[in-house]
Amino acid sequence: MILVLLGAPGTGKGTISRIISEKYNIPCVSTGEMLRKTEDLTEEARDLLSKGELLPDSVINDLLVKRISKEDCANGFILDGYPRTISQAESLDELLKGLNKNIAAAVHLDAPIETIYRRILSRQECVNCRATYSKDTPTKVEGICDKCGSEVKVRMDDNKEALDNRMEVYEKKTKPIIEYYKKQNLLRVVDSSKNPEYAMMKFEEFANDLH
Ligand code: ADP
């Protein structure tokens, strides 16, 4: 099963993709996470990331092709943060066509803008396992990841200035993808304004029909 998760920053793509991954036994492929983990990022890429600007399609497409060619993606995967432009969505279609594979659904996680700002501006991420926490979903012990006990930190792009920019980029470049998948009859909308359990319940209302 190949799933595309769509949604503005802070709508829970990372959290939901990790839950789906465990439940359906397919890996999460998060381009943002892959970039943050890359130690030899160029100065230019680091600068774009910290400002909340997109990296060039060619860089991201290469990263994606390498990742989904790995053995663990053979039975499907969940895309979080890709595609982010119409051009990336078209590249993905080409790539999957070549592999004789199809997208099962493009799941749009939808939450109001106030929720997004509140979550992101209170968000912390585990430096080790990348689990995320916020005011809505805090750690049990302050500063310590519930899952692995490592330190949790604020992401370099989780500040007001970068978030304003990420939201603008999302509106201009990523939102048109929703229509792109709607036209292909692949779009499903999940209310992500409450908590991850509620979003998963909504996802499972249609998940059985996906393959
Ligand atoms: P968000 O919380 O904004 O959804 P992500 O973790 O998905 O954040 O991505 C963080 C940053 O990584 C983006 O702001 C962008 O700089 C870069 N990035 C991630 N995925 C892509 C992509 N598909 N195309 C271009 N840039 C990307």
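Every read-out reported here was derived from the displayed coordinates using simple, explicitly stated rules and does not represent laboratory data. Computed from a prediction, not measured in an experiment: that's the story for all the values here. Methodologically, a virtual Cβ is constructed for each residue, glycine included, from the backbone with ideal geometry; neighbour enumeration extends over all protein chains shown.
Using a simple spin-label model with points 7 Å from Cα along the Cα→Cβ vector, what separation in nm is obtained for ALA45 and LYS153?
In this crude spin-label approximation the distance works out to 1.8 nm.
Note down the nm distance, to one decimal, between modelled labels 7 Å out along Cα→Cβ at LYS101 and at GLU22.
2.4 nm
Which peptide among 14-20, 153-159, 189-195 comes first, and what is the full order, when sorted by highest mean count of other Cβ atoms within 10 Å?
14-20, 189-195, 153-159
Going down the list LYS37/LYS194; LYS13/LYS194; LYS135/LYS173; LYS23/LYS202; LYS37/LYS172, which pairs span over 19 Å between their C-alpha atoms?
From the list (LYS37/LYS194; LYS13/LYS194; LYS135/LYS173; LYS23/LYS202; LYS37/LYS172), the Cα-Cα distance tops 19 Å for LYS37/LYS194; LYS135/LYS173; LYS37/LYS172.
Hey, got a sec? Which GluC sites (Glu not before Pro) in the range 120-211 land in a DSSP loop and have at most 12 other Cβ atoms within 10 Å?
Of the GluC sites (Glu not before Pro), the ones in loops of the range 120-211 whose Cβ has at most 12 other Cβ atoms within 10 Å are GLU142.
Using a Förster radius of 30 Å, what is the FRET efficiency between ASN128 and LYS66 based on their Cβ-Cβ separation? Nearest 0.05, please.
Calculated transfer efficiency: 0.85.
Please report the spacing between the Cα centers of the range 12-26 and the range 134-164 in Å, no decimals.
The range 12-26 and the range 134-164 have Cα centres spaced 19 Å from each other.
Report the relative contact order of the chain, percent, no decimals, based on alpha-carbon pairs under 8 angstrom and at least 6 residues apart.
Averaging sequence separation for qualifying contacts and normalising by length gives 31 percent for the chain.
Quick one: which residues, 5+ away or cross-chain, put their amide H under 5 Å from the amide H of VAL189? H built at 1.01 Å from N.
When sequence neighbours closer than 5 places are left aside, the close amide H contacts are HIS108.
Out of the DSSP beta bridges found with both residues in the chain, what percent are antiparallel (nearest 5)?
For the chain, the DSSP antiparallel bridge percentage is about 25.
Take LEU121 and GLU204, extend 7 Å from each Cα along the Cα→Cβ direction, and tell me the distance between the two endpoints in nm.
Inter-label distance under the simple model: 3.5 nm.
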